[in-house]
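Reading through the structure tokens given below for one structure.
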Amino acid sequence: MFLVMQDYLREVPPTIIGTMPNFSDYFTTFEEKVAYLYDQAELQRVNNRGYAVDKSLLKEDLSIYGEFIAAKVMAFANNTSNSVLFDKVNYSRSKLLYLADTALVTAATIIYEQTADNLSLLTTYGITSDELDDLQRKIDDFSLALPKPRANISIKRASTTELKVVFTLCDELLKSMDLLSNTLQLTENMYYENYFNRRHTERPGYRRLLAKGIVKNVLGERMGNVWMVCTALGIKKRVRSSGGFYLKNIPDGTYQFEFRRIGFVTTVVTINIFYSVTAEVEVVMVAV
């Protein structure tokens, strides 16, 4: 939401902004705080636990397995005269390897989604839910190995308390700008409607992946059958059997998630959600 409002207000003519006392000051501060939150969100993308991975090996592994799954789906599509499905998953190993890193993730995800959508019809072609989970795990592993863009200045990672203060400040600045924008309801009706449409409707691309993570034990082994709970968001769901989890359509902010499984100490993880940046999280659970 913060970036949506920032992008819109940057396009508003200065003559309109100038009719609202202090609005320009509020917006300048708002831009500074949004930039700060963006930098902090980028820092969170880095897996600070770190482990040595050879990206080229992961890319080859994903390409080989992606072709393995795609070939079975293509056979099914050919036998059922489903040309649309065939074209969507028509990827050979060499074609996948040739793709840029981010494009490979997209292609492999398409193969995964199309397979998942037709899984009940693909059992006779030898595709199981375990194989599908293996493909998702390989996608996750390769995604986490990709280089992460960093801010071009040195930034100290903020504490959770500091981030909450900045998120709150951005909300308060928007509320102040709301009050001033209300004064233009009759004189600048087009601005008024555009402003509040952006404030009160879903942000563009609401299905965007906002956070993804993996749950592991202290040995680095992936863990399924784990509940993730966030009281503030009303979320309670299991992570995938491969240990992976994803979050979409969540308001900007700082949230605490509990990860629970019988026989393990409950692990509390703070996840910062900021539109346009996908947070990456590694959760390590310790046995009781």
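Here are the numbers for the structure shown:
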{"item": "Candidates VAL229, VAL218, filtered to the one that is under 21 Å from the mean Cα position of the chain (by Cα) and either modelled with pLDDT under 85 or crowded, with 16+ Cβ neighbours inside 10 Å (or both)", "result": "VAL229"}
{"item": "Flag for GLN136 being part of a helix (DSSP H, G or I), at pLDDT 90 or above and touching a strand residue (DSSP E or B) at 6+ places or on another chain (Cβ under 8 Å)", "result": "yes"}
{"item": "Selection from the range 242-266 of residues that are in a loop (DSSP other than H, G, I, E, B), of a type outside the set (A, V, I, L, M) and in contact (Cβ under 8 Å) with a residue 12 or more places away in the chain", "result": "SER242, GLY243, ASN249, PRO251, ASP252, ARG261, GLY263"}
{"item": "Condition check for ALA52: modelled with pLDDT under 80 and farther than 30 Å from CYS170 by Cα", "result": "yes"}
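Here's the yes/no breakdown for (1) within 29 Å of TYR38 (Cβ to Cβ); (2) among the aromatic types (Phe, Trp, Tyr):
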residue: TYR191; (1), (2): yes, yes
residue: ASN194; (1), (2): yes, no
residue: ALA211; (1), (2): yes, no
residue: LYS236; (1), (2): no, no
residue: GLY244; (1), (2): yes, no
residue: THR254; (1), (2): yes, no
residue: VAL269; (1), (2): yes, no
residue: ILE273; (1), (2): yes, no
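To keep it simple, each residue is scored yes or no on (1) modelled with pLDDT of 85 or more; (2) closer than 30 Å to THR106 by Cβ; (3) surrounded by fewer than 12 Cβ atoms within 10 Å (Cβ to Cβ).
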{"residue": "SER176", "(1), (2), (3)": "yes, no, no"}
{"residue": "LEU184", "(1), (2), (3)": "yes, no, no"}
{"residue": "ASN189", "(1), (2), (3)": "yes, no, yes"}
{"residue": "GLU193", "(1), (2), (3)": "yes, no, yes"}
{"residue": "ASN197", "(1), (2), (3)": "no, no, yes"}
{"residue": "ARG203", "(1), (2), (3)": "no, yes, no"}
{"residue": "LEU210", "(1), (2), (3)": "no, yes, no"}
{"residue": "GLY213", "(1), (2), (3)": "yes, yes, no"}
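The values are calculated or read from the model by the stated rules, or taken from the named source; none is laboratory data. Computed from a predicted structure; not experimentally measured. With ideal geometry, Cβ positions are generated from the backbone for all residues, glycine too; neighbour counts draw on all protein chains shown.
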